[in-house]
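Okay, structure first, notes after.
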Amino acid sequence: MIKFDHVYKKYDDTNSAIEDLNLEIKDGDFFVMVGTSGSGKTTTLKMINRLIKPTSGQILIDGKNIDTYDLRKMRLNMGYVLQNIALFPNLTIEENITIQPDSLRWSKDKRKQVAWDLLKKVGLDPEKYAKRLPHELSGGEQQRVGIIRALATSPKTVLMDEPFSALDPISRTQLQDLVLKLHRELKTTFIFVTHDMHEAIRLGNTIAVLSKGNLEQIGNRDDILNHPKNDFVKGFFQIEKNGPSTVGEIVDAGFGQKIDTEINSTLLKEDSLTRLATELKVNAGVVVFDNDGNNYQLTNSDLLDFLAKEGEK
Ligand SMILES: Nc1ncnc2c1ncn2[C@@H]1O[C@H](COP(=O)(O)OP(=O)(O)OP(=O)(O)O)[C@@H](O)[C@H]1O
Ligand SMILES: [Mg+2]
């Protein structure tokens, strides 16, 4: 278990990044910290692996202050995934994944075995990908490698700082599904930072909502969505609770197709889903409309798939 005990962080005289933070992260949890920009998420995460030192208070792992652990050993037990994947451009994918195993002097065979097993786990055929260089992969594929690199030494905990924020909505959803699958399989503790409440609700078993260095609420999905402790939490998750409701949000979620066909509807991206359903009836199940200067086609099945996906949340 990881415990924050009256942790306070001040970078300089004017700026306190974290105010008296008290929380516990249970082993095996999928713990999500969500909050607006500058709320102290990265600061909190980096204090866990000692990249940042608290000004006062203490952080405990299994009852022991983190300062008492050997730093190298502690970090090997703690994977770290950053927003910008930062793979080494001149190392192959396999070499990138096995940087830590290499530093631990694992045998060549064992390193290869781990890299290949992990590549398979995330749907990247090792025969095809192991010897490639990072620039020969798409952004989403590189991010998969960033995730498995953090898992190479089977750490007990993995820290992830907005790992998907630079990705398009479809890759993002795929990678969210992937980390959920990895979490189920590995029983590793995942500590995940995001400013996206949708992502927080989708991934988190436990969700901590931060604002300006304060912990506003901590709880599970139901606590946060249905029993918000204050107006900040209520406001932050309002959209999530009511569900996305405009045509533009369907496109943002990755549904529909960009095409050159002429517009056949008077639909606007701000229109409601009810309005979309009416248009789909009139236009035999296919409408084309303007979404920020691009023509998008939506079909009956796009609408149904979108609603089904929303329903799963
Ligand atoms: N090295 C630093 N020196 C001074 N102030 C800092 C430093 N790093 C962060 N801060 C300040 O601490 C506060 C919290 O920053 P932090 O990076 O933890 O926020 P965040 O929640 O991760 O934001 P974002 O969503 O933008 O990544 C901010 O006000 C920021 O300006
Ligand atoms: Mg940050």
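Residues that are assigned to a helix (DSSP H, G or I), open to solvent by 80 Å² or more (accessible area, probe 1.4 Å) and of a type outside the set (A, V, I, L, M) within segment 276-299 comprise just one, Lys281. Is it true that Lys64 is in the same structural domain as Arg105 (by TED's automatic domain parsing), in contact (Cβ under 8 Å) with a residue 40 or more places away in the chain, more than 16 Å from ligand 2 (Cβ to nearest atom) and of a type in the set (Lys, Arg)? So Lys64 fails the test. Tally up the residues in segment 176-205 that are open to solvent by 30 Å² or more (accessible area, probe 1.4 Å) and either away from ligand 1 (no atom under 16 Å from the Cβ) or free of Cβ contacts under 8 Å to residues at least 40 places away in the same chain (or both), please. Residues that pass the stated criteria total 9.
Residue-by-condition table, conditions (1) within 16 Å of ligand 2 (Cβ to nearest atom); (2) surrounded by fewer than 20 Cβ atoms within 10 Å (Cβ to Cβ):
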position	(1), (2)
Ile2	no, no
Asp12	no, yes
Asn15	yes, yes
Met33	yes, no
Leu51	yes, yes
Asn84	yes, yes
Leu91	no, yes
Lys110	no, yes
Val114	no, no
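Hey, could you check segment 246-270 for residues that are more than 29 Å from the chain's Cα centre (by Cα) and surrounded by 18 or more Cβ atoms within 10 Å (Cβ to Cβ) and say which is nearest to Asp168 (Cα to Cα)? Going through the qualifying residues, I end up with Leu267.
Residue count for segment 209-225, restricted to those that are within 12 Å of ligand 1 (Cβ to nearest atom) and either farther than 13 Å from Ala17 by Cβ or modelled with pLDDT of 95 or more (or both): 1. Per the conditions (1) in contact with a strand residue (DSSP E or B) (Cβ under 7 Å, 6 or more places away or on another chain); (2) within 15 Å of ligand 1 (Cβ to nearest atom), the sole criterion not satisfied by Asp12 is (1).
The values are calculated or read from the model by the stated rules, or taken from the named source; none is laboratory data. What you see is a predicted model; the values in this text were computed from it and never measured. For neighbour counting, all protein chains shown are included, and Cβ atoms are generated from backbone atoms with ideal geometry for every residue, glycine included. Just the protein is used for accessible areas: all its heavy atoms, side chains included, with ligands, DNA and RNA removed. Shrake-Rupley method; radii C 1.70, N 1.55, O 1.52, S 1.80 Å.
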